[in-house]
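Working notes, beginning with the structure itself.
Computed from the coordinates by the stated procedures, all read-outs in this text should not be read as laboratory data. These figures come from a predicted structure and were not determined experimentally. Neighbour counts are summed over all protein chains in view; Cβ atoms, including those assigned to glycine, are modelled from backbone coordinates with ideal geometry.
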There are 2 protein chains.
Amino acid sequence: MAYADQYIEKLRKSGLRPTKQRIKICEVLFDAEKTFHFTIKELVKIIENQANIKVSLATVYNTVHAFIKKGYLKEIPLNASQSYYDTNVSHHHHFFDVEENRLIDIHQDDVDEVNIKRTIPGKKIRSVEVIAKIVSDNQSQK
Amino acid sequence: MAYADQYIEKLRKSGLRPTKQRIKICEVLFDAEKTFHFTIKELVKIIENQANIKVSLATVYNTVHAFIKKGYLKEIPLNASQSYYDTNVSHHHHFFDVEENRLIDIHQDDVDEVNIKRTIPGKKIRSVEVIAKIVSDNQSQK
DNA sequence: ATAATACATTATATTTATTCTAAACTGTTG
DNA sequence: CAACAGTTTAGAATAAATATAATGTATTAT
Ligand SMILES: [Mn+2]
Ligand SMILES: [Mn+2]
Ligand SMILES: [Zn+2]
Ligand SMILES: [Zn+2]
């Protein structure tokens, strides 16, 4: 548990006390070498599989929302039935594989700056996100 | 009810019989001079306000989904709690006013073609959508 | 360290969007 | 018009998300 201090700091900065449930959540979210996308249900399953401790749904939701508010996680709206979350909080875009229901990151560098030639009076742009839906390329013809 | 024939045709092409409930739904959706965005709840309210007939939630959901499948409506994912729908089925993008929870169309012409310099083997892009979140521009300084 | 306090966890209940069910009803076809 | 296929509907079921409130734990004060 070498990284525990970082998690404690993250929790404290989010206004949360470092309890063992929350530290476990941090381990799963921020210990991975790679960032990843998840649903709450998947996150709970990961925690259950790799930990001996029990974490209630309410705690997971509360902690995830605190991290979103603080910018340690991002929420990605894809469909109405369920939220997707992202441990990659850098500015980036996504492919969404509609057949496999899977998100794939597109680095900001891999998309030319999106130039919107229209403004709304009294409003400013806070963020711009691109979602490219992808499907199997069944080029069986020819 | 001059446009009824068009609605009947739209329904038939969607594989639906033209019942009076469905024609009423079409009137609300496709009679407007302008396209608009709506939630199911809002659509039901509009129907209730302007019609003498009763339409059940199940019928509204089923009809909306049939139209989406046929391409007469588009679904716009914005948050996990509720789906937004769009009667503008042309290729376009959106501002989303996060304070007022309101969608605003951005014509395709108002956004330079989004150039994604990355591909996924075996997959092809079906659609590309841009969502720009906007907030109040409180330029009280200076 | 101990006690007091504030905050956290949890099981459970609630809310709400969406989907399902099955009985009554309606459009279509011959 | 009869027969059939498809439709509407109220209400039930489902499932994500949030709220509640009793119990437990980290922190702070003593
Ligand atoms: Mn949604
Ligand atoms: Mn839901
Ligand atoms: Zn991502
Ligand atoms: Zn639109």
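Relative to the longest principal axis of the Cα atoms of chain B, helix B:40-50 runs at roughly 50 degrees.
Between helix A:20-30 and chain A there is an angle of about 30 degrees, using the helix long axis and the longest principal axis of the Cα atoms.
Expressed to the nearest 5 percent, the antiparallel share of DSSP beta bridges inside the stretch A:90-134 is 60 percent. Kirkwood radius for the stretch A:90-134, taken over all pairs of different Cα atoms as the inverse mean of 1/r, rounds to 12.2 Å. In a fully extended conformation the segment linking B:Thr19 and B:Asn79 would gain 18.4 nm over its present Cα-Cα distance, using 0.36 nm per residue. In this calculation the C-beta distance from A:Lys54 to B:Val135 is compared with R0 = 41 Å, giving a FRET efficiency of 0.55.
Could you give the angle, 0 to 90 degrees to the nearest 10, between helix A:4-13's Cα long axis and the longest principal axis of the Cα atoms of chain A? Between helix and principal axis, roughly 70 degrees. Here the calculated FRET efficiency for B:Asp5 and B:Thr39, from their Cβ-Cβ distance with R0 = 22 Å, stands at 0.15, rounded to the nearest 0.05.
Using the Kirkwood radius over Cα pairs, work out the Stokes-Einstein diffusion coefficient for the protein assembly as shown at 10 °C and 1.306 mPa s, in µm²/s as a whole number.
Answer, rounded: 73 µm²/s.
Let me make sure I get this right: for the stretch B:11-142, a, b and c are the square roots of the gyration tensor eigenvalues over alpha carbons, sorted descending. Under 1.5 in a/c it's rounded, otherwise prolate if a/b > b/c, else oblate. Which is it? Could you put the intermediate results ahead of the total?
Working: a/c = 2.43, a/b = 1.39, b/c = 1.75.
It comes out oblate by the Cα gyration axes.
The radius of gyration of the Cα set in the stretch A:4-76, together with its Dmax, comes out at 11.2, 29 angstrom.
Annotation for the stretch A:121-137 versus the stretch B:1-52: alpha-carbon center distance of 29 Å.
Of all DSSP beta bridges in the protein assembly as shown, what percent run antiparallel (nearest 5)?
DSSP beta bridges in the protein assembly as shown are roughly 85 percent antiparallel.
Label-to-label distance for B:Asp97 and A:Ser90 is 3.4 nm, based on points extended 7 Å past Cα in the beta-carbon direction. In straight-distance terms, cross-link reach from A:Lys133 covers every one of the lysines whose alpha-carbon lies under 25 Å from its own, apart from those fewer than eight places away in the same chain; here that gives A:Lys34, A:Lys41, A:Lys74, A:Lys117, A:Lys142, B:Lys69, B:Lys70, B:Lys74, B:Lys117, B:Lys123, B:Lys124, B:Lys133.
In loop segments of the stretch B:1-77 as defined by DSSP, the trypsin sites (Lys or Arg not before Pro) with at most 13 further C-beta atoms inside 10 Å of their C-beta are B:Lys34, B:Lys54.
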